Structures are given as C-alpha cells and as structure tokens.
Amino acid sequence: MSKRAGKTENKKLFWRLHHWVGLYTGILIGTLSLTGAVAVFIPEIDGWIIRHHYNALSSPSPHGTSQFGQSIDSLIHRYPDYNSFLISLPDHPGQVVQADMILQPEGGDLRRVDFFIDAGKDRVVGQRDQQNSLANYLRQIHVRLYEGYWGRQLVGIGGLALAIVAITGLLIYGNFMKKQGWPKLRKTMDLRIIMADWHKLLGISALAFNIVIALTGAWLGLQPWLMRCLDINTPNTFKAPIVMEPEADKALHVNWDDVLTAAKREFPALRPRQLTSSTNGSATVTVRGNIAGQIYERDINVLVLSKTDYRPVFQYDVRAKPFGHKFYFIQEAMHFGDFGGLLLKALYALLGLTSGFLSISGFVIFLLRRQKKKKFSRVNAWKKTFVYSMTVLLFLVVIALISLFIGYTTASLVAGILINTLLIGVIGYALFRYLLSRFNRRHQSIA
Amino acid sequence: MKAAKQKTRLQYDTHTEHYLVPAALFLLNICTVHVIYAYANARTGQLGWLLLLTFAWIALGSAVWLKNRIYLGCSMALYLALLTYCWL
C-alpha cells in the first residue's frame, strides 16, 4: 500500500471512530455537558440557597474569627449517637459555619444532616437533610447520573468517548475544512451545511478545553476501577494509631480556637476549610484546607493534631510532594475550574456547553445526511433531535424533583432503572444491527 | 511559473489553516484559562508577569485572526516559553 493510500485509510478510520463513538455516546456527552456547566457553580448555588431559602446568615464576629465551639458541643450533647462530623468553615464573611453530622438513631437508618451555625453569635440557626439538598443533586447527577452501581464508571466512559471524538475530530479537521478558512461560515440555506460549519468552528475553537475536560473526567469517573487495578493509593491518606477506646475519644473535649491557632502556627500557609474530630480512638483532630494560588483539588492539604496537646501528628503539604502526588490532585481542579474565581467558572460553563452543542449538531448532521439515502423528511430529523433533547431534560427534572421532595434513595432507584434499561437497549440495538449487517453480507455473498 | 506560484500559495494557506490555526487555537484555550487564573490569584510585585501573559494572550488571539504564518509561529513560541517557565 502506498503512503498516500495508507493516510487515506487512516483518515477513514478516524472518521468512522468519530462518527460511531459520537453517535452512541452523544446523548451521554450532552447530558454531562449540561449538568457539568451547572455543577461548576455548586458552591455559589448552595451558598445562595442557604442564605435565602434557609435564612441562615452569620453576624459579624466580635473576635474577627468564626465562633462555633459552643454550637458543636450542644450538637454533640443533643446527638450523642453520632457517627462522625465535619465542620466546614465559611469562605466569605456572612456565610455560616456548617456542621455535617452523620447520625444513626437506634434502629434507624444513617442520616446525614447539615447544621448551620451563625459564626458571630455561635448558635445553630438552621438545618437540612444533606442527601436531599439541591447541591447534592447537582453533584450526584454529574458525577454518577444518580446511578449507584456503575453510574460513575459510565460517566468515566463518557469522558473517554469525548476524548476520542475530540482527538479524531482534530485528525479529520483538515479533510473536512478543505479550502474553508477558520472561522468562515458558508452562506447557504442548507441546514446540514450550516450545522456542519458550526460543528467544525466550535469543535476546533474549544478543542484543548474539551480534551482536558474529557481526560480528567475519564480519570475521575474510572478512578475507583483504575486505582484498584493499578494499586494506587490516595496520596494524602494517614491512619493515626489507636490510643484509647472510641467512647473515651468521643468524650474528649476539643477547643476549636486552640486547634485553629495550632494550625496557624504549624502550617502557616494553610487556609483551614474543614475540621474533623476522631471518633475511632486515635484522639486526633484533622484540619484540611487550601494554599492560596495553588491549582489543586480543594482541601487536600492536611494537618493532623493530637487532641490532648494540639501537637502535629501528620502534615501533608502538596507543594513539597513529588510530581505524582501533584498530578493526582490536579485532576479535579482542572475538571471543575475552581482555581480562578467566578470568571473562570463562567468560562468553564460556557466552553463546557460546547460539547453539548457538538453532540446535538453532530446528531442533526447525521440525520440530515441519512435523509438523503432514506426517504424521510427534514422535519423528522429536527423532531427526532427535539424529542431526544426533551427526554434528557425531562429525565434531569424528574430525578431532581424526586430527589428534593421524596428523597435521594427513591431518585437513585428510578434513575438506576431508567439508565440501565436505556443502556441495555442501546447495547442490544447496536448488537442487533451488527448481526443483521453480517447476516445480510453473508446472504448476499451466497446469492 | 504563475501556476507554480499559485500552487505554493495554496499549499501555504492549507498549512496555515489546517495546522497552524488549530495549534494556535489550542494554545489560546490554555492561555485564556491561564490569564484568568493569574489575575484571580495575583500578588503584589507580579505586574510584569501579568502584563507579559496578557500580551501573549493578545498576540495569540490576533495571530489567529490575522493568520500570518510568522506571527502565528512567534506568538505560539512566546506562550510556550512562558508556559515552560511556569513549570520550571
């Protein structure tokens, strides 16, 4: 085979990959694009809901620092059977301190409750069921499509598919542009050409962004599988030795002001955001937080202090760690774009929506091209696209309503049934088409 | 002679449109995120760095628009140099 013929064969292969991978995963990519564009604003949306729906605000603190020790003590006293709790410190003045407690009432199921604490007056001003909150819906629908078994892996496969269509799209870009310059749109009334021009224009303009989103998304989605298969451990894990009975550990009083002072002394660059107290007998307090100006996942820097004298037991400063650790922790930040303020999030949302547009425009181009071969009207192509898009939106809205008003478990069950039925349907359809084409080819060759 | 010249010009344009412009757009994506990050996390004494990054962003953006081969190459080289400097 000549060099030129080989190149043409390669282009055909890339085109086929782009076409089939895009067609079968387009609906998944579109859904993830839409949910992802909203998911980047989860902290802002949640902050707004806490402030306006729950009327939970912090008054100015007389000491200039967040006060929450008495409220935590009263919550521990009120719920002595709690499993664990996590204190989230406010990012901005006026925001409440949140105490996320996992409660297990006698004979009841585990419950995760968020308590809102006025950080100026040190008193509990509200609470909510964490699992049924909008913030949890927005995160879970993007991270695992609300499907508990392999939803996360399915999202990872979506990321992998986006990477394949983005890279193959780049490889066939030249062939499809021919003598057309960027960013020229051909003047025509042919809808297929209009959609094709926008598909190429937006695809190549947001290519790097989509590749980064796709690869980091693939890693984050497939992370549990990959970490198990490749024997990778989370780099900042630390297991403190058990030094006392769990009940005695729970009973130890923690002075949170002293904890924050010790954190400032031992790890000055750390901006504490999360605090936890051990309940397993290790008698430790863990402070997690960020270092200003670093592009890493939130709250990965860790300082573990002894509960008795607040001396450091373990410290994890990502700046001092090898490349592997930094690479591991950069994935989520690169995926959600929470390292450059609100403007960067807006850019992420805008560019993230391009992959949704590309799936829709790609599907329209496919249908309009097919209408040339088969006899169905142009209206049918648009109708089909509209029905698919509305079905996705309906799915997202129904799951949101069930999750908010009935509960996370029911929403997860409904989503699981719908997604798995759809998955079996798509795989079955693809298999049926493949077998049918093989049968037809064989039949023709015999004839 | 004229046909050969036309062919060269056509090849030149194809090379720019099919390879240099996509490459510059690729870097422009990264540069845009980089500039926003730099401004959001700027500390005192970093004005020079911010100006240099902004200049690289403007250079890349205008090079994609003007599609001059040398300008595209230079702007890409400038931003790649700045990006390499960040990692060192």
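General observations
- Lysine pair count for region A:85-203 with Cα-Cα distance under 27 Å and sequence separation of 8 or more or different chains is 6.
- Using the Karplus relation 6.51 cos²θ - 1.76 cosθ + 1.60 with θ = phi - 60°, the per-residue 3J(HN,Hα) values for region A:224-238 come to x, 5, 4, 5, 6, 5, 8, 6, 9, 10, 5, x, 9, 6, 9 Hz, with x marking Gly and Pro.
- Projected label distance in nm at residue A:15 and residue A:225, using a 7 Å step from Cα toward the beta-carbon: 3.1
- Between 0 and 90°, nearest 10: helix A:341-373 axis offset from chain A longest Cα axis: 30
- FRET efficiency for the pair residue A:276 and residue A:346, taken as 1/(1 + (r/R0)^6) with r the Cβ-Cβ distance and R0 = 30 Å, rounds to 0.40.
- Length gained when the stretch residue B:66-residue B:87 is fully extended (0.36 nm per residue, less Cα-Cα span): 4.6 nm
- Annotation note: chymotrypsin sites (Phe, Trp or Tyr not before Pro) in region A:46-128 located in DSSP loop regions with a Cβ neighbour count of at most 16 within 10 Å are A:54.
- Label zone (residue A:54, point 7 Å along Cα-to-C-beta; backbone nitrogen cut-off 20 Å) within region A:105-123: A:105, A:110-123.
- R0 of 41 Å, Cβ-Cβ distance residue A:292-residue A:23: FRET efficiency to nearest 0.05: 0.35
- Acute angle (nearest 10 degrees) that the helix A:3-39 long axis makes with the longest principal axis of chain A, alpha-carbon atoms: 40
- Taking 16 Å as the straight-line reach from the Cα of residue B:67, the aspartates and glutamates in range (excluding those fewer than 8 positions away in the same chain) are B:13, B:17.
- Note on residue B:43 and residue A:189: their simple-model spin labels are 6.3 nm apart, each label 7 Å out from Cα toward Cβ.
- At least 24 Å along the helix axis (C-alpha) and Kyte average at least 1.6, DSSP helices within chain B: B:21-40, B:47-66
- Length gained when the stretch residue A:91-residue A:78 is fully extended (0.36 nm per residue, less Cα-Cα span): 2.0 nm
- Helix A:151-177 vs. chain A, principal-axis angle (Cα, 0 to 90°, nearest 10): 40
- The distance linking region A:184-200 with region A:329-359 is 27 Å (Cα centroid to Cα centroid, whole angstrom).
- Partner chain coverage, peptide A:292-302 - average Cβ within 10 angstrom: 1
- Each 10 Å bin from 0 upward holds the following percent of the Cα-Cα pairs of region A:236-320: 18, 51, 26, 5, 0.
- Mean separation of Cα contacts under 8 Å, 6 or more apart, over the residue count of region B:30-88: relative contact order %: 32
- In sequence order, region A:81-90 has phi-based couplings of 8, 5, 7, 6, 9, 9, 9, 9, 7, x Hz under the Karplus curve 6.51 cos²θ - 1.76 cosθ + 1.60, θ = phi - 60°, and Gly or Pro positions carry x.
- Relative to the compact-globule estimate of 2.2 N^0.38 Å, the Cα radius of gyration of the protein assembly as shown comes out at 1.14.
- Alpha-carbon centroid distance for the pair region A:241-308 / region A:26-92, whole angstrom: 19
- Count of Lys pairs (Cα-Cα under 23 Å; at least 8 positions apart or interchain) in region A:291-447: 9
- Gain in span if fully extended, residue A:139 to residue A:38, counting 0.36 nm per residue against the direct Cα distance: 35.4 nm
- Extending 7 Å from the Cα toward the beta-carbon at both residue B:50 and residue A:198 defines two label points whose distance is 3.7 nm.
- The mean sequence distance of close C-alpha pairs (under 8 Å, at least 6 residues apart), as a share of the length of region A:236-320, puts its relative contact order at 28 percent.
Values quoted throughout were computed directly from the atomic coordinates according to the rules given, and no laboratory measurement underlies them. Not measured: the values here are computed from a predicted model. Neighbour counts are summed over all protein chains in view; Cβ atoms, including those assigned to glycine, are modelled from backbone coordinates with ideal geometry.
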